[in-house]
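Beneath this line is the structure, given in structure tokens, with notes to follow.
Only the coordinates and a few stated rules stand behind these numbers; no lab work does. Being a predicted model, the structure only gives us computed values, none of them experimental. In this analysis, Cβ positions are derived from the backbone assuming ideal geometry, glycine residues included, and neighbour counts consider all displayed protein chains.
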Amino acid sequence: MPAKPIGERTPPSGPSASGDTASAPGLADTGPTRTGPHAVEVPRRVGRMTGYSAFPQLLFGLAVVAILFATLLFQGVDDNSVLFYIGVILAFIATALAPIVPWHQVPRLLIALPILDIIAIALIRQGEPLIGAGLLWVFPTIWMATAFGLAGAVTAIVLVCTSSWSSLAMTPGDITIANLPALVILPTVLAFVAVSTAMTAKRTEAQRVLLNKQAGQLETALGRAQDQESRLAEILNAVNFGVVRFDRIGARAMVNRFQTRLQDEVGELSDVNPALPVWAEDGLTLLQPQDKPYIRARRGEEFENLTVWLGAPGTERIALALTSRRLYDHEGGYDGTVLVSRNVTSEINAIRARDDLVASVSHELRTPLTSILGYLDLALDDPGLPPRVAKQLTIAQTNGDRLLELIADILAASRDVNRTMVLERSECELREIVDRSVESLAHVAAERSITIVRHDEEAVPLFADPFRLRQVVDNLLSNGIKYNRDGGELSVGVTSEGDTAWVIVRDTGIGISEEDQPKLFERFFRSDLVRNSTVHGSGLGLAISRDIVRLHGGDLTVHSVLGEGTTAVVRIPRGGTE
């Protein structure tokens, strides 16, 4: 299914824009009505009134024509029906004027139409009282109540009652029960119709105003949404990483420009092109089709910074780092996923080049440094060596050992980046490993009057790599001494519960700020506070230590408070990898 490119905007739909209201005396100022981009603005109520002046007036004229033909058919032409024909002619004149006169330019004269209709009906009724033409008064009554509200309804009833009662007054003879319909019933019915129509028109007007206001708000919200969509499209098309959105059924709904270019260069990672091979982060493991990141994202899976390689080993390859996140609608329901892909080939190649350079330089430095330390040992073994010279050589040897340790850390780090560390597991005892580490570093702590406190411990046998665990404990104790204050305390404890063992190292040193704690396990990271001090280090110890612990199936965590101290906790399974 083709994806929808980012940046295409749907033409706006909805109510047309409205400007200032043009009001007229006696009419509700409810906003303009336009019929085109250059139309004259008129009040909306006038628009409704002019609407009546065409179609409903035509209906009224047709009703008069029907009465005329029925009268001629059943009664013929009667010279005494002059008022009847005058009323018919007047109704025809009003009907002819309705579509001709531009009422929106003279809204005050609109009331002339229903008044002419009322007079015409009165004349027709007076000329032919037996045909019941008074029922036609319902037409102008409804229109006046609709167009002018309660005032129009009252005006219509007054005019109708005046016409009806004047006709009775001009009729010879006394008023009897036969005159009751014209005297009471017809005005009462028309009054009820007029008031009901006026109230209905008022409610309709209020609903219309509300709907217009809501339509305006909807149009504004739609415009804002389209503006936001346009800005988002511009932003996504400006970034240098790919963005793909999948809908809830897994179809691609949106791609940005960078992703389109990437797909043109390297092809699809999805099942659209299953023949395209994709390798895992190590660059050697070929991923199965169901394990490809696009397929996983379409299934709704989430992952972060998943690195894959495109291109066979030994050829020019491209590395992508991909992150997938699930999307949710306003009700919290699943609404698809978004997949972000970034070309990290240059970054990975740069890191590898750096590691290769560091490893090469470190290896070249290690051989002559080992030779230097060997000759320093031979020189210090000379019994005739003057004390002053022996002290100087000892200082040189100490710094040489520190440099050799630093080189060893760098070599280990560069090696572990390129291949997984191999553990040599055997039965060992965790407390003995900690004891030997404490013993080897006791003299370093004594030089700064740091007290190493051992808690009551139990024997903790486990199946692990004792050499690597010693490396972890040495690093934690060394950090606890280096970053401690003179005369401080270093607490070391070993314990176990069930199949899990713990090593806890707590110091009273300088601590680590909250901003730096998330970076502790980054290779070569050293905080500003440490870099500005005289404490030496490579920034590799904690990263290597955590890798070793995680290879055992456990984890290393660090908790610290700036100025109060740091606590490192090693959790490791006793029987092997979890």
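A few notes on this one:
- For Ile450, residues with placed amide H under 5 Å, excluding near neighbours: Gly487
- Going by neighbour counts of Cβ atoms within 10 Å, the residues Val549, Val561 line up, fewest first, as Val561, Val549.
- Sorting the segments 466-474, 388-396, 277-285 by their residues' average number of neighbouring beta-carbon atoms within 10 angstrom, most packed first, yields 466-474, 277-285, 388-396.
- Per-residue ³J(HN,Hα) for segment 305-314, Karplus 6.51 cos²θ - 1.76 cosθ + 1.60, θ = phi - 60°, Hz, x for Gly and Pro: 6, 7, 9, 10, 10, 10, x, 5, x, x
- Asp335 long-range amide H proximity, modeled H, under 5 Å: Leu327, Tyr328, Asp329
- Of every Cα-Cα pair in segment 426-573, the percent that sits beyond 21 Å: 40 percent
- Neighbour counts of C-beta atoms inside 10 Å place His443, His559 in the sequence His443, His559, starting with the fewest.
- Listed peptides 252-263, 230-241, 55-66 appear in the order 252-263, 55-66, 230-241 once ranked by packing, highest mean of other Cβ atoms within 10 Å at the front.
- For segment 292-297, the Karplus equation 6.51 cos²θ - 1.76 cosθ + 1.60, evaluated at θ = phi - 60°, returns couplings of 5, x, 5, 5, 5, 5 Hz by residue, with Gly and Pro reported as x.
- Efficiency of FRET between Asp486 and His330 - r from beta-carbon atoms, R0 41 angstrom, step 0.05: 0.10
- Bins of 10 Å, starting at 0 and running to the largest distance - Cα pair percent for segment 242-343: 16, 50, 27, 6, 1
- R0 of 30 Å, Cβ-Cβ distance Ile351-Gln288: FRET efficiency to nearest 0.05: 0.65
- The 3J(HN,Hα) values that the Karplus relation (6.51, -1.76, 1.60; θ = phi - 60°) gives for segment 212-223 are, in residue order, 5, 5, 5, 5, x, 5, 5, 5, 5, 5, 5, x Hz. Gly and Pro appear as x.
- Residues whose placed amide H lies under 5 Å from that of Ile512, excluding near-sequence neighbours: Val561, Leu562, Gly563, Gly565
- Were the residues from Arg317 through Gln207 laid out at 0.36 nm apart, the gain over their Cα-Cα distance would be 33.1 nm.
- Taking 0.36 nm per residue of sequence separation and removing the Cα-Cα distance, the Val158/Glu457 pair yields an extension gain of 96.8 nm.
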